[in-house]
Amino acid sequence: MFQGDTALNSRVWENPMVTKKETIRDLKSIKDRVEEERRLRKGGIEARVTVHMGTCGLASGAQKVMDRLLHERSQSGGASIAAYSTGCIGLCSREPLITVELIGKEPVIYQRVDDRKMGQIFKRHVLGGKVQVGLALAWGSAAHGAPKPLHSDLEGVLPHISELKFFSLQEPRVLRNKGLIDPERIDDYIWRDGYQAAARALLEMAPAEIISEVKESGLRTAALVDFQRGLKWNSAPTPKRMSGMLSAPGTKAIRGLLSDAECWRRTPIPCSKG
């Protein structure tokens, strides 16, 4: 829900899952706050361990890995160590996967982690600063578009994630935020520029402009009958103004299953269909 400086006649259903943001400036404020919260710095959060807990990870034991991480952090008194969860990063056959980040160091992704390995990684890498090469998959961020540094201490020791055959030919678009967003924290999505397009459409564009842009994109429906979405929208009567509500169903009832569950875990709103 968005409300511009020019009043929009908007209402929000009394639903705890619906969040109201008064202005576009709120999105910028949330983005900046989350960016600051996630920044590793001396005297603040100095290490971050992310357990990738998609359905594949959970089926492989990711919850036990997270439990061990929280236990180790508690035992070490590690107030400066952040524990995060996200959805799958794509390589389901290597689950459970975790990512370790330390100040001034490149992220390291560990594969097939279990309770024992998590304890070893925490003590030797998170606390001791020594990468456990024998347990690692690669170094670098799983998020699409993260640049590869020109120099790294891990060059020649571990492959960069972009050098893995599985990822080397991929260009994630809808899933570009994989490995970054906690699907249970809407602020994470806003941090990655979530709702920016929706805010622009609701506050800065006329209905005809929205339809024109969707037609130009070539976006097609996901129903059994393939059809350009822009043409579909253009066939409906054009309202005089946009309403303030967004509908984002997670799947098509015609399919009979939640086929987009993992997509939603990684980047919720771009996966929606309407």
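Any read-out appearing in this document is the output of simple, stated calculations on the displayed coordinates, not a laboratory observation. Quantities reported herein were computed from a predicted structural model and do not represent experimental measurements. FYI the Cβ positions are ideal-geometry reconstructions off the backbone, even for glycines, and counts take in every protein chain you see.
Could you run the Karplus curve 6.51 cos²θ - 1.76 cosθ + 1.60 with θ = phi - 60° over region 51-64 and give me ³J(HN,Hα) per residue in whole Hz, x for Gly and Pro?
9, 8, 10, x, 4, 5, x, 5, 5, 8, x, 4, 5, 5
I'd like the projected area of region 90-235, averaged over all directions, using the convex hull of its alpha carbons. Report it in nm² with one decimal. Write out the running numbers ahead of the final one.
Numbers: hull surface 50.5 nm².
Value for region 90-235: 12.6 nm².
Using 0.36 nm per residue of separation minus the Cα-Cα distance, give me the extension gain between GLN170 and ASP187 in nm, one decimal. Please list the in-between numbers first.
Working: separation 17, 0.36 × 17 = 6.12 nm, distance 2.68 nm.
Stretched fully, the GLN170-ASP187 segment lengthens by 3.4 nm.
Measuring from label point to label point, each 7 Å out along Cα→Cβ, what is the LYS123 to LYS148 span in nm?
3.5
Give me LEU70, LEU202, LEU97 ranked fewest to most by other Cβ atoms within 10 Å of their Cβ, as a rough exposure proxy. The partial results should precede the final answer.
Numbers: LEU70 13, LEU202 23, LEU97 29.
Ascending number of Cβ neighbours within 10 Å: LEU70, LEU202, LEU97.
Give me the number: length gained by fully extending GLN196 to GLN111, i.e. 0.36 nm times residue separation minus the C-alpha to C-alpha distance, one decimal in nm. Write out the running numbers ahead of the final one.
Working: separation 85, 0.36 × 85 = 30.60 nm, distance 3.42 nm.
Length gained, GLN196 through GLN111: 27.2 nm.
How much length is gained on full extension from LEU231 to LEU219, taking 0.36 nm per residue of separation minus their Cα-Cα distance? Provide the component values of the computation, followed by the final result.
Working: separation 12, 0.36 × 12 = 4.32 nm, distance 0.98 nm.
Going from the current span to full extension adds 3.3 nm.
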